[in-house]
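See below for the structure under consideration.
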Amino acid sequence: MGTTGPNLRSGQYGNGRNLAARIGLHERFSTNGYGWHCWVFDQLALPEGARILEVGCGNGALWLKNKDRLHASLDITLSDFSVGMVRDARRNLARVPNEIRFVVADAQALPFRSAAFQCVIANHMLYHAPRIGGALQEIRRVLTPGGRLVAATNGRDHLREIKALLEKFDATLAGEFNSLTHEPFSLETGAAQLAPWFDSIEKRPYEDSLLITEASPLIEYVNSSLTAGPLLGSRLSEFRAFVQRHLACEGAILVRKESGLFVARRSVTPP
């Protein structure tokens, strides 16, 4: 997740395949039955007629999961710096009745007028920006005075049991996985990074974990997280056998999540 720029655009997020593998693990094995996307939508608290921008919309999962909760008056713009992601989001949301605009855009240079949106959503994406401060400056610019940024991220101990499992299998792979999942905008650091641009900042945790009972979804998750050309490579069958032995012994793998979001309100006066 530390990769940025063209490599991220053409590799990890050239299309929705890797993202779908990661979302799939959470959807199948999360212990919180309410679901991440529904919880995030609750935090938006969107009034009728709200003008909304999501930066880094990915495959549009937030809106697809909440399609029956969207008021007809909402003005929705979805953006991502990956052409493939925007294409996937447009396809996934083709039957959603709301009119949605899809834009290929870099969060550090948003092609929108100032004060255009009342709410901006950055769902697990700010840590991808090469210059987080530049992205936050742009997000503040396009927010109306008093508008809100809803920025989701993870904490330092997120999925640490998966990291520990990889460490037992191969310390080199574990190091690669850890470096890719190190997030420069995290639950621990996010408030300080938001502070120069926003007046009030509130951190809201999401309580959840994974109880993984099958090897394949976990293996797909790890493979999709490593690189565009998965590092497991020829060791894939060996890693599969390793995970299967672990499941046969333990019955399941309990993985703690550490996720949440910040709700930050734009100041009326310049920072």
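Coordinate-derived values only; no laboratory data. Everything numeric in this text was worked out from a predicted model, so none of it was measured. A quick note on method: Cβ atoms are made from the backbone with ideal geometry, for glycine too, and the neighbour counts reach across all protein chains shown.
Quick check: the distance between the Cα centres of the range 180-212 and the range 20-83, to the nearest angstrom?
Result: 18 Å between the Cα centres.
What ranking do LEU74, LEU25 get, fewest neighbouring Cβ atoms within 10 angstrom at the top?
Least crowded to most crowded, the residues run LEU74, LEU25.
When ranked by the protection proxy of mean other Cβ atoms within 10 Å per residue, highest first, what sequence do the peptides 185-196, 37-48 form?
Those peptides, ordered most packed to least, come out 185-196, 37-48.
What value, in deg cm²/dmol to 500, does the helix sum -39500 (n - 2.57) over DSSP H runs of n ≥ 4 give at 222 nm once divided by the residues of the chain?
Working: 11 runs with 105 residues, N = 271.
That comes out to -11000 deg cm²/dmol.
Packing-wise, with mean Cβ within 10 Å as the measure, how do 128-135, 95-102 rank, highest first? Could the numbers behind the result be given before it?
Details: 128-135: 17.8, 95-102: 13.2.
In descending order of packing, they fall as 128-135, 95-102.
Return TYR34, TYR221 ranked ascending by Cβ neighbour count within 10 Å, so the fewest neighbours appear first.
Working: TYR34 12, TYR221 21.
The order, fewest Cβ neighbours first, is TYR34, TYR221.
I'd like to know how the range 38-85 sits against the 2.2 N^0.38 Å rule of thumb: what's its Cα Rg over that expected value? Present the calculation step by step, with values, prior to reporting the outcome.
Numbers: Rg = 10.9 Å, N = 48, 2.2 N^0.38 = 9.6 Å.
In units of the 2.2 N^0.38 Å rule of thumb, it is 1.14.
Between VAL86, VAL120, VAL243, where does the largest GNM mean-square fluctuation fall for the chain, given springs only between Cα atoms within less than 10 Å?
VAL243
Cα gyration tensor of the range 36-151, axes a ≥ b ≥ c as square roots of the eigenvalues: rounded (a/c below 1.5), prolate (a/b > b/c) or oblate?
On the way: a/c = 1.57, a/b = 1.21, b/c = 1.30.
Note, shape of the range 36-151 comes out oblate.
Evaluate the charge dipole of the chain about its Cα centre and quote only its size in Debye, nearest 20, assuming +1 on the Cβ of each Lys and Arg and -1 on the Cβ of each Asp and Glu. Don't skip to the end; give the middle numbers.
On the way: 31 positive and 27 negative charges, 111 e Å.
Rounded to the nearest 20 debye, it is 540 debye.
In a solvent-free Debye calculation with one equal scatterer on each Cα, what is log10 I(q)/I(0) for the chain at q = 0.15, 0.16 Å⁻¹, listed in the order of the q values?
Cα-only, vacuum Debye calculation for the chain: -1.13, -1.28.
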